[in-house]
């Protein structure tokens with residue numbers, strides 16, 4: 001019995017010390033030495049300074065509830081990673097349960113990308129990118145702020161600022177073979193990109209990978225700012241602020257959906273603000289394009305299949321809202337929107353939406369012609385009253401653009 005107990009205690013001791021998690025402090029001279037030793041629960045704290053050798057993570061694995069965390073200072077002088085031509089600044093290959101936060105990634109016009117889950121990897125899952133500032137990755141439209149080129153799922157991209165990139169976020173590979181699944185993109189500000197502020201690619205049949213969601217899931221895009229006021233490419237290189245492609249047409253993922261709400265889409269002189277296909281719920285957003293078009297659901301790599309457009313405020317000089325190409329027998333739900341446009345608008349049903357000439361926007365809304373920082377699309381007193389209540393289908397649909405309980409019945413994204 002004594003021998004049995006001693007063996008039992010040794011086994012328990014070994015299990016308990018598998019990886020306790022530790023805090024590692026490092027600076028520009030020694031941080032690379034720690035990367036391959038990181039395990040579940042470890043925190044690599046990077047000192048303020050300039051880091052010129054990138055952040056390559058190879059096979060770095062945390063666990064649920066015990067991620068590997070790599071962080072710079074949350075306040076004061078930052079940890080700055082300077083880009084180098086041809087070298088991805090933050091490279092992710094076969095990683096899981098990893099959090100990267102509070103870094104400044106400075107492109108300085110180098111011909112490279114900021115953050116990439118590389119295609120030579122098999123997966124990148126449960127990755128959190130938050131409080132990153134990404135600037136100057138705009139040497140060409142093909143260079144990206146954050147990109148996934150391997151199958152990626154359960155990502156959180158939160159509270160980042162991308163200012164000046166060829167493309168802000170490019171999630172999924174161009175041929176649909178490396179899907180981006182069950183993501184949360186929230187609280188980001190993406191501006192002054194040459195091409196898309198953000199694109200999520202269409203998806204081919206989903207690969208069978210351990211851990212990848214197989215049942216119906218959602219990708220949430222909420223509370224972001226997408227602005228293309230400055231620097232947008234023209235002609236064949238022009239791109240919308242946000243484009244979302246279709247889910248797999250059959251098998252795992254075919255019932256997935258985008259929930260896109262609480263975002264501000266601001267100006268695009270060369271393209272529309274939003275384009276989508278597949279299965280999308282678009283609600284409680286602000287769309288402002290005094291320079292061109294607003295929202296379009298149309299065929300891209302497939303067609304729109306399940307479309308809800310509710311409680312948005314849309315201002316556009318061009319076509320405000322267009323939905324074309326849906327299969328016979330399928331109809332979009334379009335209701336509760338406040339729309340101001342110079343372009344003729346389809347009849348979505350009398351009383352379901354407030355549709356008015358663009359010239360009436362200033363009398364109906366508080367400050368619709370201001371710049372991004374001063375814009376205010378709340379309805380003026382007595383304006384945009386809606387006689388009938390609306391049902392709620394989606395999380396947060398009953399709230400207004402600011403996430404508050406709606407006061408009174410009004411058209412558009414704002415409550416009273």
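No lab work stands behind these numbers, since they all come straight from the coordinates. What you see is a predicted model; the values in this text were computed from it and never measured. Note that each Cβ is placed from the backbone with ideal geometry, even for glycine, and that neighbours are counted across all protein chains shown.
Annotations for the structure displayed:
- Cα centroid of the range 305-322 to Cα centroid of the range 368-414, whole Å: 15
- Computed from the Cβ-Cβ distance with R0 of 56 Å, the FRET efficiency linking residue 214 to residue 362 stands at 0.65.
- Each Cα pair under 8 Å and six or more residues apart adds its sequence gap; the mean of these over the residue count of the chain is a relative contact order of 7 percent.
- Linear extension gain, residue 249 paired with residue 343, 0.36 nm per residue minus alpha-carbon span: 30.5 nm
- Among 255-265, 121-131, sorting by the average number of other beta carbon atoms lying within 10 angstrom of each residue, highest first, gives 255-265, 121-131.
- Ratio of Rg to Rh over the range 210-303 (Cα coordinates, Kirkwood Rh, two decimals): 1.02
- Counting beta carbons within 10 Å around each of 178, 25 and listing the fewest first gives the order 25, 178.
- For the range 78-160, averaging the sequence separation of C-alpha pairs within contact (under 8 Å, six or more residues apart) and dividing by the residue count gives a relative contact order of 32 percent.
- Approximate shape of the range 91-160 as ellipsoid semi-axes (Cα gyration tensor, √5λ), whole Å, largest first: 20, 15, 8
- Taking the C-alpha atoms only, the angle from helix 2-16 to the longest principal axis of the chain is near 40 degrees.
- Spread over its residues, the convex hull of the C-alpha atoms of the range 331-416 is 118 Å³ per residue.
- Each of residue 303 and residue 174 was given a label point 7 Å from its Cα along the Cα-to-Cβ line. The distance between the two points is 2.7 nm.
- Antiparallel bridge percentage (DSSP; both residues within the chain; nearest 5): 5
- Square roots of five times the Cα gyration tensor eigenvalues for the range 97-209, Å: 22, 16, 12
- Long-range Cα-Cα pairs in the chain (distance over 35 Å), rounded percent: 32
- Hypothetical label at residue 388: residues of the range 347-372 whose amide nitrogen lies under 17 Å (7 Å Cα-Cβ projection): 347-355
- Rel. contact order, % - alpha carbon contacts under 8 angstrom, at least six apart, the range 208-313: 27
- Between the range 208-285 and the range 22-83, the Cα center-to-center distance that results, in Å: 31
- MRE, 222 nm, helices only [DSSP H, n ≥ 4, -39500 (n - 2.57), over the chain, to nearest 500]: -1500 deg cm²/dmol
- On full extension, the segment bounded by residue 34 and residue 350 gains 107.4 nm, given 0.36 nm per residue less the C-alpha separation.
- With only the Cα atoms considered, the range 9-119 has a convex hull volume of 105 Å³ per residue.
- Gain upon complete extension [residue 53, residue 381; 0.36 nm per residue less C-alpha separation]: 112.4 nm
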